[in-house]
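Nothing in this text is a laboratory measurement; each read-out follows from the coordinates by a stated rule. Note that the structure is predicted; figures quoted are calculated from it, not measured. No Cβ is skipped: glycine too gets one built from the backbone with ideal geometry, and neighbour counts run over all protein chains shown.
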Amino acid sequence: MNEHILDIVLVEDNPTDVELTLDALKRHNLANRVKVLRDGAEALDYVFGTGIYSGREMSKHPRIILLDLKLPKVDGLEVLRRIRSDERTRLIPVVVLTSSDQDYDRIESYRLGVNSYIVKPVEFENFAGAVAGIGFYWVLMNKAPC
């Protein structure tokens, strides 16, 4: 695998959830190439190679985007909508990893083309297991279309 390709992009504004996610990935040797983005606007800049990420090679997509929904600047549903509406990015696997158990968020995420919708477990061990499972499947098992 090319060392410039990120395996996981984590879009999360909560520092505790970032730390817990990175810790869970490290426990399972999946944290080598993780890019943490703190809001929806930064996520869009990264994915589309604009703003502070202008010049980023657009053909090098992450293997998975872990996307929170409740983000500052641009919410996660809008990030997902834009990713899925662009031919260059619509095949990037996106997993919503959120605290929202609202029907609207889940249904709208699937309507927009999310690959999976996971509500963050409250207890650390359950959270770590969920994150590790996501990472294992999407980074090591799944065969990406591109």
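Starting from 0.36 nm per residue, how many nanometres of slack lie between residue 73 and residue 59 once their C-alpha separation is accounted for?
2.5 nm
Among all the aspartates and glutamates, which ones have a C-alpha under 18 Å from residue 60's C-alpha, if same-chain residues fewer than 8 places away are not counted?
3, 7, 42, 45, 86, 87
Which value does Rg/Rh take for region 95-146 over its C-alpha atoms, Rh per Kirkwood?
1.02
Tell me which lysines have Cα within less than 17 Å of residue 26's Cα, excluding those fewer than 8 residues away on the same chain?
Hits, sequence-local ones excluded: 35.
Most fluctuating residue of 123, 42, 19 in a GNM of the chain with Cα springs under 10 Å: which is it?
Greatest mean-square fluctuation among the candidates belongs to 123.
Counting DSSP beta bridges with both partners in the chain, what percentage is antiparallel, nearest 5? Present the calculation step by step, with values, prior to reporting the outcome.
Values: 0 of 15 bridges.
If we restrict to bridges inside the chain, about 0 percent are antiparallel.
So between residue 26 and residue 141, what do we pick up on full extension, going 0.36 nm a residue minus the alpha carbon distance?
Working it through step by step, the gained length comes to 39.7 nm.
Which FRET efficiency value, to the nearest 0.05, is calculated for residue 84 and residue 126 with the Förster distance at 30 angstrom and r the Cβ-Cβ distance?
The pair residue 84/residue 126 has a calculated efficiency of 0.55.
What does the helix-only formula give at 222 nm for the chain: each DSSP H stretch with n ≥ 4 adding -39500 (n - 2.57), the total divided by the residues, and the result rounded to the nearest 500 deg cm²/dmol?
About -11000 deg cm²/dmol.
Mind checking Rg over Rh on region 28-146, alpha carbons, Kirkwood formula for Rh? The partial results should precede the final answer.
Details: Rg = 14.0 Å, Rh = 14.8 Å.
Taking Rg over the Kirkwood Rh, I get 0.94.
Run down the lysines and flag those whose C-alpha is under 17 Å from the C-alpha of residue 70, throwing out any fewer than 8 positions away in its chain.
Within reach: 120.
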